[in-house]
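S.K.: What follows is a single structure, and I will ask about it in a moment.
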Amino acid sequence: MSLALAVPAGAGEDAFEGMAGPYGERLRVDAKGLTLTFPAPDVKLQIGGRLHIDGGAAGFSRPDLPEAFPDTVAVRRAWIEPTLTIGRDWVIAFQYDFADPMLPINDALVAWKGLPDTILTLGNMKEPFSLEWLQSNNDTLFVERSVANALVPERRFGVAAGHHGQAWTAVAGLFGNAASNGIDGDGVAVAARATVAPIMTADETLHLGLAGIVRNRSRSDGAFGFSSPAGAFLFERPLVDTGDLPDAASVSRLGAEFAYRRGPVLIQAEYIYAALQPFRGPGQSGSALDFQGGYVEAALVLNGEGRAYALTPQSGTTYATFRGVAVPEAQRVSRGGIGVFELAARYSAIDLNARGFRGGMEQDVTLGLSWYPEPNLRLIGNVIHGRVQPGEAQSATLGTASFSVDTVIARLQIYW
């Protein structure tokens, strides 16, 4: 048995390992934390977490618009993340966000890996959709994901099966509502994602992916909608928003992924299409609403190695993603180095307008700089210029005329 309490990696290089106890137990203290091991069975409990604190300012081009940020500094995430590993086959993971009163439960799952190259998972998890969404929010290139992420569902409770080969993955699952919302009340979705990496070496990766979700809903389910802020959590309200769409009978999504990494350079892009089919009946046209979004982004690690490709996860559905930036021992600030720097740029867009319906359009250009002084510490600065055409749902507060918004956002990110 092993009990590991995670601490920041900057705790030092020295390690202490005590003598074996009467049952073969042994205590070790090192940079990874406190570990108590027993000869058998092999059990490990790791207590991880993350803290993201944002601060920034934003301005609109139209003076008649309301204040952008109600608070210029806020806690974006405050997670506790225990993970219990039992032998080689079982993983139990839980994530709770103290900063989110609406959806505090993130991952809450049990995974079994007893079959070759296969992971079966039951619980609250990400549906297998979108490379950007499946990447950890510790490792995304920018403070926030692109505006196209508004078309991606949040975590849902369900069951999923994933399988991988030497350079490919396939994941499929059945999902209800989020665990924080009581599992039911949003219909049932079938989701699947497949990826292939025709090039996959230590220094170069070419990633291609395709994913789809079909969610069928009943008339008793709650209202449905899409909305997105302009690249910052601090905005008081979404800048494009369909509002509540109470007659959504089904919602279908299709996503295409591309990524290429060579050394310190990463280029990544996605296109997402969503179609909402309303219920048919008296006074209802039955015409589908089609929405779309996408992004293209690039990053350059200025003085370090590029982001490694992770084909398989420890549990859940997060196959085929890129890890965060590594900080070599010699480059850590605590060892006399200057840390690692990463430059990034992104163009993203979302279109929530459809025939006879206006939910709004938004286009953003984002420039970012990240500094990694230690393996468990990251500071991010983003400058975002957005162009917004508001929809009907925001007309009371944002009007109907187009406007631009300029945002400066910074984040202190601690994770272990």
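S.K.: Hey, what did segment 313-391 get for relative contact order, percent, Cα under 8 Å, at least 6 apart?
M.R.: Details: 130 pairs, mean separation 21.1, N = 79.
Relative contact order of segment 313-391: 27 percent.
S.K.: Solvent-accessible area of His163, probe 1.4 Å, all protein chains present, reported in Å² to the nearest ten, please.
M.R.: 70 Å²
S.K.: To the nearest 0.05, how large is the calculated FRET efficiency for Val408 and Ser218 if R₀ is 56 Å and r is the Cβ-Cβ distance?
M.R.: 0.80
S.K.: Further question on the same structure: Would you work out the charge dipole size for segment 224-333 about its Cα centre, treating the Cβ of every Lys and Arg as +1 and the Cβ of every Asp and Glu as -1, and quote it to the nearest 20 debye?
M.R.: Taking the Cα centre of segment 224-333 as origin, the dipole is about 340 debye.
S.K.: Using a basic spin-label model with each label point 7 Å from the Cα along Cα→Cβ, how many nm lie between Ala330 and Ala310?
M.R.: For the pair Ala330/Ala310, the computed spacing is 2.7 nm.
S.K.: From the phi angles alone, apply the Karplus equation (6.51, -1.76, 1.60; θ = phi - 60°) to segment 207-215 and give each ³J(HN,Hα) in whole Hz, x where the residue is Gly or Pro.
M.R.: After applying 6.51 cos²θ - 1.76 cosθ + 1.60, I find 10, 10, x, 9, 9, x, 9, 10, 10 Hz.
S.K.: I need to check one value: relative contact order of segment 89-130, counting alpha carbon pairs closer than 8 Å and at least 6 residues apart, in percent.
M.R.: This gives 34 percent for segment 89-130.
S.K.: Which of Trp112, Leu377, Gln389 sits farthest toward the positive end of the charge dipole of the chain, with +1 on the Cβ of Lys and Arg and -1 on the Cβ of Asp and Glu?
M.R.: Comparing the listed Cα positions along the dipole, Trp112 ranks first.
S.K.: Take the solvent-accessible surface of the protein heavy atoms, probe 1.4 Å, and return the percent of it on the chain that carbon and sulfur atoms account for.
M.R.: Exposed carbon and sulfur together represent 62 percent of the surface.
S.K.: Now, a different point. What shape does segment 271-366 have by the C-alpha gyration tensor, where a ≥ b ≥ c are the square roots of the eigenvalues, rounded means a/c under 1.5, and otherwise prolate means a/b greater than b/c and oblate the rest?
M.R.: Note, shape of segment 271-366 comes out prolate.
S.K.: Can I ask one more? Averaging sequence separations of C-alpha pairs under 8 Å and six or more residues apart, then dividing by the length of the chain, give the relative contact order as a whole percent. Show your work: numbers first, answer last.
M.R.: Numbers: 1208 pairs, mean separation 63.4, N = 416.
Relative contact order comes out at 15 percent.
S.K.: Treat every Asp and Glu Cβ in segment 101-221 as -1 and every Lys and Arg Cβ as +1, leave all other atoms uncharged, and give the resulting dipole magnitude about the Cα centre to the nearest 20 debye.
M.R.: Details: 9 positive and 12 negative charges, 82 e Å.
Rounded to the nearest 20 debye, it is 400 debye.
S.K.: Using protein chains only and a probe of 1.4 angstrom, how many square angstrom of Lys113 are accessible, to the nearest 10?
M.R.: Approximately 60 Å² of Lys113 is accessible to the 1.4 Å probe.
S.K.: Calculate, for the chain, the solvent-accessible area per residue in square angstrom, rolling a 1.4 angstrom probe over the heavy atoms of the protein chains.
M.R.: 44 Å²
S.K.: Then there is this: What figure, in Å² to the nearest 10, do you get for the accessible area of Glu81 with a 1.4 Å probe and non-protein molecules left out?
M.R.: 30 Å²
S.K.: Let me ask you something else. Could you point to the residue in Val408, Val159, Leu300 farthest towards the positive end of the chain's charge dipole, with +1 and -1 charges on the Cβ of Lys/Arg and Asp/Glu respectively?
M.R.: Checking the options against the dipole of the chain, the answer is Val159.
S.K.: Can you put Asp117, Asp64, Asp89, Asp351 in order of accessible area, largest first, using a 1.4 Å probe?
M.R.: These residues rank, largest area first, as Asp64, Asp117, Asp89, Asp351.
S.K.: Note down the magnitude of the dipole of the chain about its Cα centre, charges +1 on Lys and Arg C-beta and -1 on Asp and Glu C-beta and zero elsewhere, to the nearest 20 debye.
M.R.: Once rounded to the nearest 20, the dipole reads 480 debye.
The values are calculated or read from the model by the stated rules, or taken from the named source; none is laboratory data. Note that the structure is a prediction, hence the values are computed from the model and not measured. Here Cβ is always computed from backbone atoms with ideal geometry, including for glycine, and neighbour counts include all displayed protein chains. Calculation scope for accessible area: heavy atoms of the full protein, side chains included, ligands and nucleic acids excluded. Shrake-Rupley method; radii C 1.70, N 1.55, O 1.52, S 1.80 Å.
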